Amino acid sequence: MTAEATPSLVGKTDGPAGAGPSARGARARGTSGYPRYVAGKLGGAAVSLLAVLVTSFFLFRLIPGDPVKFMTGGRQVSAEQLAAYRREFGLDLPLWEQFTDYCGKALTGDLGTSYQFRAPVIDKITEALPNTLLLTGTSFVLYTALGIFLGTRAAWRSGGLGDRLNTGLALTLYSIPSFWLGLLLIIVFSVGIGPIPGLFPTGGMESGGEEGFAYVLDVAHHLVLPVVTLVAVEYGQTLLVTRSALLDEMGGDYLTTARAKGLRDDLVRRRHAVPNALLPTMTLIFINLGRTVAGVILVETVFSWPGLGGLFYQALSVPDLPLVQGLFFVFAAAVIVMNTLADLIYPLLDPRVGR
């Protein structure tokens with residue numbers, strides 16, 4: 001074969017010259033693909049937030065109850081006084097006008113004024129947020145670490161006694177309602193039953209009158225039972241997802257290759273199998289992180305914890321429409337933002353996504 005007849009073959013077989021244009025084209029497509037992926041996810045998040053804003057306004061107006069009558073404290077008041085209350089909070093306006101006013105203020109960060117507290121909704125949320133983050137943040141760290149650790153152990157010894165016990169316990173606890181488990185723990189460890197004395201407070205965040213390190217210990221003492229409740233109910237989900245992902249990875253050829261190179265089984269699991277198996281778990285972690293801001297309404301209510309969940313329950317009983325709407329929007333926004341952040345980070349961990 002002459003040189004004149006083989007220019008195309010030479011171009012294809014020569015590494016840098018032949019691969020250069022196609023490789024650059026692939027990189028260009030990958031580089032341009034990620035910004036489009038990001039733009040799509042951010043646009044979807046913006047639409048979701050707008051939908052939550054609309055839903056939060058109309059949904060809670062279906063709740064029975066008259067907030068104006070609540071504000072009177074059950075006193076006998078005249079029709080003129082009731083009308084004055086309605087004018088003060090804009091409840092005498094047509095529904096569409098209330099909606100446009102609510103959306104306009106919400107876009108500027110003004111979520112309205114609470115009926116029962118007569119204070120800006122954003123101030124009440126800011127006041128209760130640290131308490132919720134303390135409770136659910138502590139629980140989040142514990143149940144995530146526990147779920148990943150036990151999930152990897154269960155998958156690596158799949159079918160063994162430890163796997164069956166871990167999986168069975170996780171499924172059982174995950175199916176138990178959190179409020180029921182919280183009440184059970186209060187009965188056993190707060191009130192005391194039989195030979196078990198009451199060791200922990202029945203509710204609240206502090207006993208009062210403590211300062212300095214004694215205050216920290218007092219808050220930690222009140223924190224034990226609600227944290228145990230959340231960890232017991234939530235760790236099972238992380239365990240099951242981690243176990244399933246690791247079982248899918250264990251059949252990979254790269255693990256066989258790692259073992260053939262003489263790596264110990266423990267190193268194969270830690271350095272190769274677990275990092276790849278954690279990719280699906282990342283999405284779950286970010287979802288749970290969003291729920292951390294939202295708090296757990298039932299658990300905070302059962303333990304009288306002064307967080308966003310307890311505040312939401314208190315607002316629903318009125319109904320305190322501005323406070324309920326504001327909390328609902330914050331809860332939903334936290335989940336949407338964390339889901340979007342997970343979607344944006346995932347392609348950086350796995351280049352096959354978003355390209």
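The values are calculated or read from the model by the stated rules, or taken from the named source; none is laboratory data. In this text, all values refer to a predicted model and were calculated from it rather than measured experimentally. Note: ideal-geometry Cβ built from the backbone for every residue, glycine included; neighbour counts use all protein chains shown. Keep in mind that these areas ignore ligands, DNA and RNA; they rest on the heavy atoms of the full protein, side chains included. Shrake-Rupley method; radii C 1.70, N 1.55, O 1.52, S 1.80 Å.
Couplings for the stretch 120-131, taken from phi via the Karplus curve 6.51 cos²θ - 1.76 cosθ + 1.60 with θ = phi - 60°, read x, 4, 4, 5, 5, 5, 5, 5, 8, 4, x, 5 Hz in order; Gly and Pro are left as x. Sites listed here are GluC sites (Glu not before Pro) in the stretch 157-240 whose DSSP assignment is loop and whose Cβ has at most 16 other Cβ atoms within 10 Å: Glu206, Glu210, Glu211.
Couplings for the stretch 198-208, taken from phi via the Karplus curve 6.51 cos²θ - 1.76 cosθ + 1.60 with θ = phi - 60°, read x, 9, 10, x, 7, x, x, 10, 7, 8, x Hz in order; Gly and Pro are left as x. For Val227, Val191, the ranking by accessible surface with the largest value first comes to Val191, Val227, using a 1.4 Å probe. Does the stretch 196-355 come out rounded, prolate or oblate by the C-alpha gyration tensor, with a ≥ b ≥ c the root eigenvalues, rounded set by a/c under 1.5 and, if not, prolate when a/b is larger than b/c and oblate if not? The shape class here is oblate. The Tyr174 and Thr108 beta-carbon pair, evaluated with R₀ = 35 Å, returns a calculated FRET efficiency of approximately 0.30. About the centre of its Cα atoms, the stretch 191-334 shows a dipole size close to 780 debye [charges on the beta carbon of Lys, Arg (+1) and Asp, Glu (-1) only; nearest 20 debye]. Taking the stretch 114-137 and a reference point 7 angstrom along Cα→Cβ of Leu341, the backbone N atoms nearer than 19 Å belong to 126, 129-137. The overall shape of the stretch 123-198 is oblate: from the C-alpha gyration tensor, with semi-axes ordered a ≥ b ≥ c, the ratio a/c is 1.5 or greater and a/b is no larger than b/c. Summarising the amide proton neighbourhood of Thr113: residues at separation of 5 or more, or on other chains, whose placed amide H is nearer than 5 Å comprise Val121.
Legend: residues Ser48, Ser175, Ser139, sorted from most to least accessible area (1.4 Å probe; ligands, DNA and RNA excluded), read Ser175, Ser48, Ser139. Using a simple spin-label model with pseudo-atoms 7 Å out from Cα toward Cβ, Met282 and Ser304 lie 4.4 nm apart. Between Val296 and Gly309, the built amide H atoms are under 5 Å apart, and every one of these is 5 or more places off in sequence or on another chain.
Accessible area of Lys41 (1.4 Å probe, protein heavy atoms only, ligands and nucleic acids ignored): about 70 Å².
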